[in-house]
1. Tell me which strands (runs of 3 or more DSSP E) are completely within segment 1-88 and hold 2 or more residues being exposed (fewer than 12 other Cβ atoms within 10 Å of the Cβ) and out of contact with any Cys (no Cβ under 7 Å at 6 or more places or on another chain), or say none if there are none.
Amino acid sequence: MLIEIDRLPQEGLKVSKKYEFISVELLEEDAEFLNPVHTDVFIKKSGDEIFLKGVIKTCISLTCCRCLCSFDFKIDSGFDLVYLPEELDINNEQLDEEEAKKLFYYGRKMDLKRIIMEQLNFAFPVRPLCSPDCQGICPVCGNIVKEGKCSCVANKTDPRLDKFKIFSRDKR
Ligand SMILES: [Zn+2]
Ligand SMILES: [Zn+2]
């Protein structure tokens, strides 16, 4: 959906929309949409600055970086952005960090769908985990620990392990 800056009503514009994106647009490898993307966005113009505030909701299948199993990742994230007109996008190599983070719109238009996609990609965890304490793949037998196929001593509270602990204590 293209937002035409000069046609934005003074009181702002509320857009509630459902998007169907294709999964390859996601930066995260192996990520797949399980649901359409629901968004509520409020767009308001103040002078030449455009304020965008909204929420994105969807569910995506991600791959756990420890056990390599896919899991459902719910996204319910908000964003609050300010876009400046292109005239202010001066090509200055010495931009400080604050300056470099600024967003601009071009041709008096904004592509809402693209902005939603960018925000979606920001919502991903850097290291996706199926659960915070995922034990991953056992280095001894190569099985996924949570699937229960691994019976290695190191991954279980095994009575044998206790004996081993006592043994090593005795040795000291
Ligand atoms: Zn995992
Ligand atoms: Zn194992």
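The values are calculated or read from the model by the stated rules, or taken from the named source; none is laboratory data. The structure displayed is predicted, hence computed values, not measured ones. Note: ideal-geometry Cβ built from the backbone for every residue, glycine included; neighbour counts use all protein chains shown.
1. Counting at least 2 such residues, we get 2-4, 13-19, 70-85.
The rows are residues; the columns are (1) more than 12 Å from ligand 2 (Cβ to nearest atom); (2) surrounded by fewer than 17 Cβ atoms within 10 Å (Cβ to Cβ); (3) aromatic (Phe, Trp, Tyr); (4) modelled with pLDDT under 90.
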| position | (1), (2), (3), (4) |
| --- | --- |
| 116 | yes, no, no, no |
| 128 | yes, no, no, no |
| 136 | no, no, no, no |
| 146 | no, no, no, yes |
| 156 | no, yes, no, yes |
| 164 | yes, yes, yes, yes |
| 168 | yes, yes, no, yes |
